[in-house]
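Colleague: Below you'll find the structure I mean.
The values are calculated or read from the model by the stated rules, or taken from the named source; none is laboratory data. For clarity, every value in this text was computed on a predicted model and none was experimentally measured. Cβ: placed from backbone, ideal geometry, glycine included. Neighbour counts: every protein chain shown. With ligands, DNA and RNA removed, areas are computed over all heavy atoms of the protein, side chains included. Shrake-Rupley method; radii C 1.70, N 1.55, O 1.52, S 1.80 Å.
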Amino acid sequence: MKLKRFKNYQELSGFAASEIANSIKDKPSLVLCMASGETPKLTVELLVKKLKEEKIDHSRITFIGLDEWVGLLPSNTGSCHYFFQHKLIAPLQLKASQYLLFDALADDLNNECEKMDTFINDKDGIDIMLVGIGMNGHIGFNEPGASFSNLSHVIELDEITKSVGQKYFTEKMELGKGITIGFKHLLNAKKVFLMANGSKKAEVIKKTVEGPVTENFPASIMQRHENGVILVDDEAASLLSKSH
Ligand code: GLP
């Protein structure tokens with residue numbers, strides 16, 4: 001695992017967008033899995049801009065949505081689906097065969113998980129995973145205690161996730177479960193970027209980078225990934241010991 005520090009959110013996002021765009025140039029059939037949320041917002045905007053301005057062929061990429069709140073309509077502006085659809089899939093005019101998002105309204109959620117696992121396997125795994133980190137150290141909806149060997153799964157959300165998650169919605173939401181890609185896929189991904197910005201993420205970044213590797217603090221799994229890169233701005237890095 002490596003760590004890269006940036007002066008601010010803009011620089012961090014610019015770097016992540018360029019890394020992905022250049023990887024698509026090198027491998028037009030790139031499989032990209034990404035989180036939604038506040039952190040990757042600017043990265044996606046810059047990525048779309050770069051692909052269009054530089055006319056980088058993205059007609060063969062595959063996109064995979066990392067997670068979703070169970071029970072939400074895709075039209076809910078706080079859903080991950082809405083984010084992916086409006087920020088990436090529509091602007092890049094991806095064809096239906098080019099992406100897969102969890103259907104969090106499906107009657108059979110286990111089947112949704114199997115569908116996702118099969119899709120990933122059929123694509124020979126994920127090339128780049130771009131994830132954020134929750135205030136409890138979760139990645140996607142891999143909550144504290146979730147096994148590092150999980151494939152896609154449905155999980156009961158913990159209290160921190162349910163309360164912090166309110167920020168995505170215009171009115172109070174009853175949040176119960178999440179559906180997410182599991183850590184087995186993360187460990188198998190060829191490259192993983194974990195991004196964090198702002199002083200509110202400083203504590204969880206310190207634990208991710210310097211704490212013990214444990215399922216009780218999910219993001220610590222990054223220490224196990226040879227091609228894992230933590231991208232942080234100065235504020236999120238503010239509690240790290242000087243040696244990084
Ligand atoms: C959310 C999502 C994650 C996301 C994380 C951080 O609940 N399940 O995929 O990366 O929490 O979100 P944010 O970037 O808004 O801080």
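Colleague: Pick from segment 121-180 the residues that are open to solvent by 30 Å² or more (accessible area, probe 1.4 Å), closer than 20 Å to residue 192 by Cβ and of a type in the set (S, T, N, Q): which of them is nearest to the chain's Cα centre (by Cα)?
Modeller: 150
Colleague: Do we have any residue at all in segment 70-87 that's more than 13 Å from the ligand (Cβ to nearest atom), surrounded by fewer than 22 Cβ atoms within 10 Å (Cβ to Cβ), under 30 Å from residue 199 (Cα atoms) and more than 17 Å from the chain's Cα centre (by Cα)?
Modeller: Within segment 70-87, one or more residues are more than 13 Å from the ligand (Cβ to nearest atom), surrounded by fewer than 22 Cβ atoms within 10 Å (Cβ to Cβ), under 30 Å from residue 199 (Cα atoms) and more than 17 Å from the chain's Cα centre (by Cα).
Colleague: How many of the residues making up segment 1-31 are assigned to a helix (DSSP H, G or I), over 30 Å from residue 242 (Cα atoms) and open to solvent by less than 60 Å² (accessible area, probe 1.4 Å)? Write out each step before concluding.
Modeller: Taking segment 1-31 as the starting set, the residues that turn out to be assigned to a helix (DSSP H, G or I) are 9-26.
After this cut, where a residue has to be over 30 Å from residue 242 (Cα atoms) as well, the list is 21-26.
The next check asks that each one be open to solvent by less than 60 Å² (accessible area, probe 1.4 Å); those that pass are 21, 23-24.
Adding up the residues that qualify gives 3.
Colleague: Are any residues in segment 32-50 hydrophobic (A, V, I, L, M, F, W, C), open to solvent by less than 50 Å² (accessible area, probe 1.4 Å) and part of a helix (DSSP H, G or I), and if so, which ones?
Modeller: As a first pass, look at segment 32-50 and keep what is hydrophobic (A, V, I, L, M, F, W, C): 32-35, 42, 44, 46-48.
Those still in the list that are open to solvent by less than 50 Å² (accessible area, probe 1.4 Å) too: 32-35, 42, 44, 47-48.
Within segment 32-50, 42, 44, 47, 48 qualify.
Colleague: Among the residues of segment 56-69, write down those that are surrounded by 21 or more Cβ atoms within 10 Å (Cβ to Cβ) and away from the ligand (no atom under 16 Å from the Cβ). Explain how you work it out, then say what you get.
Modeller: Of segment 56-69, the ones surrounded by 21 or more Cβ atoms within 10 Å (Cβ to Cβ) are 58, 61, 64-69.
Hits for segment 56-69 are 58, 61.
Colleague: Kindly state which helices (runs of 4 or more DSSP H) lie completely within segment 155-244 and contain at least 1 residues that are within 11 Å of the ligand (Cβ to nearest atom).
Modeller: Working: elements: 159-164, 183-188, 202-210.
The helices (runs of 4 or more DSSP H) meeting that bar are 159-164, 202-210.
Colleague: In segment 207-219, which residue that is in contact with a helix residue (DSSP H, G or I) (Cβ under 6 Å, 6 or more places away or on another chain) and touching a residue at least 60 places away in the same chain (Cβ under 8 Å) is surrounded by the fewest Cβ atoms within 10 Å (Cβ to Cβ)?
Modeller: 217
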